[in-house]
Amino acid sequence: MPAQPPAGRPGDGGQDALFGPEDIDTGQMPGARTHAGPLFRDSPTARRLLSVREIYAEPAAAASPRGRQVLARYPDAEVVPVASHWRIPDLHGNEGNVDRWVRIKTETLVLGEKKTLTTRPNGRSADWIAPGPANGCAMACAYCYVPRRKGYANPITVFTNIERTIAHLSRHVARLGPKPEANQCDPTAWVYDIGENSDCSADALISDNVADLVHAFALWPTAKASFATKFVNPDLLLLNPRGRTRVRFSLMPQSDSTLLDIRTSPVESRIAAAGDFLEAGYEVHFNLSPVVLRPGWERDWSLLLRHMDDVLPARVKDQAAAEVIMLTHNEDLHDLNLRWHPRAEDVLWRPGIQQPKTSQNGSRNVRYRNGVKAEAVAAMRALAAANAPWLRIRYAF
């Protein structure tokens with residue numbers, strides 16, 4: 001049987017922990033690397049991704065140390081006080097914002113405090129989904145589910161009370177104790193996904209939230225952070241994760257990425273960065289996702305896997321694993337994309353091979369029909385075995 005979380009509600013401060021929160025250092029930086037040159041987040045490339053002109057801010061978030069750090073990065077931005085980071089009339093639910101989809105991601109930030117801290121079970125990429133340091137993204141992937149929840153605009157919301165998140169996680173880790181047995185997430189560590197609703201590599205351009213989480217996990221011997229990313233941020237190489245953070249570079253054929261992964265790093269750049277991140281102390285895995293079924297998809301995935309086999313160092317291959325995730329789309333997102341990026345829907349919306357699926361939150365999703373999906377999953381496993389036999393597929397669905 002795979003390892004299962006113990007009963008109860010970890011993080012509530014139970015008395016049965018093997019070590020308590022007071023035994024875990026949650027705030028000190030464990031030996032970050034020295035760096036004499038300019039940071040990538042101050043580069044023209046980073047500034048093009050985030051040229052912030054307006055910041056919607058909850059007053060308490062703006063006044064916090066992390067909030068002041070963000071405001072200092074963008075001294076010329078207009079600061080607009082708001083009562084709640086979730087309910088901003090000019091931003092969320094404003095249908096007219098579809099016409100400014102990418103511009104909003106470039107020019108707008110939101111500062112808020114994460115009011116409810118919940119860590120919930122997962123069991124696929126990670127054992128647990130942790131409270132993230134942000135919500136939203138500077139990138140604009142056409143299949144992303146996050147903007148469906150916010151309504152017509154999805155810029156980054158930075159959660160400024162990061163110290164509460166780290167304290168919550170320290171209690172959760174302490175309550176769990178050592179992992180009793182291996183599972184598909186990790187053989188020895190409890191894995192926490194810290195980037196479910198954002199891309200941590202982009203978040204790190206704005207504040208030290210991600211750095212604080214990496215530093216905290218570096219000091220927790222029974223836990224490991226994990227996040228997927230489509231953006232190469234060299235500043236993360238200056239941290240010292242000590243093998244306790246897993247970076248999962250999301251990959252797809254470049255032709256798909258050019259159409260669907262708007263504003264992301266080129267796929268070859270993500271692959272090329274793997275060796276540097278491993279050398280810096282990260283664990284490096286890959287997400288082969290989403291797999292989009294369109295004419296020629298098997299040929300292009302074969303070429304991508306062969307390229308990985310050709311260029312990745314042996315040390316990366318020796319520790320690598322991957323997830324294979326078939327595309328899940330959404331009717332509301334389909335309608336939204338038709339207004340700002342209709343070409344994406346030529347490959348994302350294929351009713352002839354898709355079937356409806358209602359999610360747990362009531363969203364009207366579509367996914368590939370059962371037989372189509374089963375054949376595609378089997379094909380992806382075969383392509384990996386033939387072209388990158390070293391790549392362990394952790395799971396595929």
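The values are calculated or read from the model by the stated rules, or taken from the named source; none is laboratory data. All values reported here derive from a predicted model rather than from experimental measurement. We place every Cβ from the backbone using ideal geometry, glycine too, and count neighbours over all the protein chains shown. When the accessible area is computed, the model is the full protein with side chains, heavy atoms only, and any ligands, DNA or RNA have been set aside. Shrake-Rupley method; radii C 1.70, N 1.55, O 1.52, S 1.80 Å.
Remarks
- Members of the range 302-319 found to be among the hydrophobic types (A, V, I, L, M, F, W, C) and either open to solvent by less than 30 Å² (accessible area, probe 1.4 Å) or within 16 Å of the chain's Cα centre (by Cα) (or both), listed by number: LEU304, LEU305, MET308, LEU312, VAL316
- ASP346 vs. criteria touching a Pro at 6+ places or on another chain (Cβ under 7 Å), over 22 Å from SER125 (Cα atoms) and acidic (Asp, Glu): no
- One residue stands out among those in the range 99-108 that are under 13 Å from ARG263 (Cα atoms) and of a type in the set (D, E, K, R): the one that is surrounded by the fewest Cβ atoms within 10 Å (Cβ to Cβ), which is ARG103.
- Residue within the range 148-160 that is in contact (Cβ under 8 Å) with a residue 12 or more places away in the chain and open to solvent by 30 Å² or more (accessible area, probe 1.4 Å) present: yes
- Test for GLU54: is it modelled with pLDDT of 95 or more, loosely packed, with under 13 Cβ neighbours inside 10 Å and within 15 Å of PRO155 (Cβ to Cβ): no
- Residues within the range 243-264 that are under 21 Å from ILE129 (Cα atoms) and either in contact with a helix residue (DSSP H, G or I) (Cβ under 7 Å, 6 or more places away or on another chain) or open to solvent by 40 Å² or more (accessible area, probe 1.4 Å) (or both), tallied: 4
- Of the residues making up the range 115-173, those that are out of contact with any Gly (no Cβ under 9 Å at 6 or more places or on another chain), within 15 Å of GLU196 (Cβ to Cβ) and not in a loop (DSSP other than H, G, I, E, B) are ARG120, PRO121, TRP128, ILE129, GLY136, CYS141, ARG148, ARG149.
- Any hit, the range 320-343, residues being open to solvent by 30 Å² or more (accessible area, probe 1.4 Å), out of contact with any His (no Cβ under 7 Å at 6 or more places or on another chain), under 20 Å from ALA388 (Cα atoms) and in contact (Cβ under 8 Å) with a residue 60 or more places away in the chain: yes
- Flag if SER207 is of a type in the set (S, T, N, Q), at pLDDT below 95 and not in a helix (DSSP H, G or I): no
- Candidate set: the range 346-378, residues that are buried (at least 17 other Cβ atoms within 10 Å of the Cβ) and in a helix (DSSP H, G or I); chosen: the one nearest to the chain's Cα centre (by Cα): LEU348
- Selection within the range 104-129 - aliphatic (A, V, I, L, M), touching a strand residue (DSSP E or B) at 6+ places or on another chain (Cβ under 7 Å) and closer than 28 Å to ARG364 by Cβ: VAL110, ALA126, ILE129
- In the range 379-397, the residues that are outside any loop (DSSP other than H, G, I, E, B) and open to solvent by less than 50 Å² (accessible area, probe 1.4 Å): ALA379, MET380, LEU383, ALA384, ASN387, ILE393, ARG394, TYR395, ALA396
- Residues that are of a type in the set (Val, Ile, Thr) and either at pLDDT below 95 or open to solvent by 40 Å² or more (accessible area, probe 1.4 Å) (or both), drawn from the range 109-126: THR116, THR118
- Restricting attention to the range 194-242, the residues being closer than 21 Å to LYS105 by Cα, polar (S, T, N, Q), within 14 Å of the chain's Cα centre (by Cα) and open to solvent by less than 10 Å² (accessible area, probe 1.4 Å) number 4.
- Residues in the range 270-301 that are open to solvent by 10 Å² or more (accessible area, probe 1.4 Å), closer than 22 Å to ALA344 by Cα and either acidic (Asp, Glu) or assigned to a helix (DSSP H, G or I) (or both): TRP297, GLU298, ARG299, ASP300.
- Taking residues in the range 260-276 that are farther than 18 Å from ARG246 by Cβ, and partners anywhere that are at pLDDT 95 or above and in a helix (DSSP H, G or I), the pairs with Cβ atoms closer than 6 Å and at least 6 places apart or on different chains are LEU260/ALA344; VAL267/GLN254; VAL267/SER257.
- Qualifying positions in the range 73-98 - open to solvent by 50 Å² or more (accessible area, probe 1.4 Å) and either in a helix (DSSP H, G or I) or of a type in the set (A, V, I, L, M, F, W, C) (or both): VAL79, ALA83, TRP86, GLU95
- Inter-residue pairs, beta-carbon under 7 Å, first at positive phi and in the range 233-248, second not in a loop (DSSP other than H, G, I, E, B), 6+ apart: ARG242/ALA218; GLY243/GLU283
- Selection within the range 99-114 - under 23 Å from the mean Cα position of the chain (by Cα) and either touching a residue at least 60 places away in the same chain (Cβ under 8 Å) or assigned to a strand (DSSP E or B) (or both): TRP101, VAL102, LYS105, THR108, LEU109, VAL110, LEU111, GLY112
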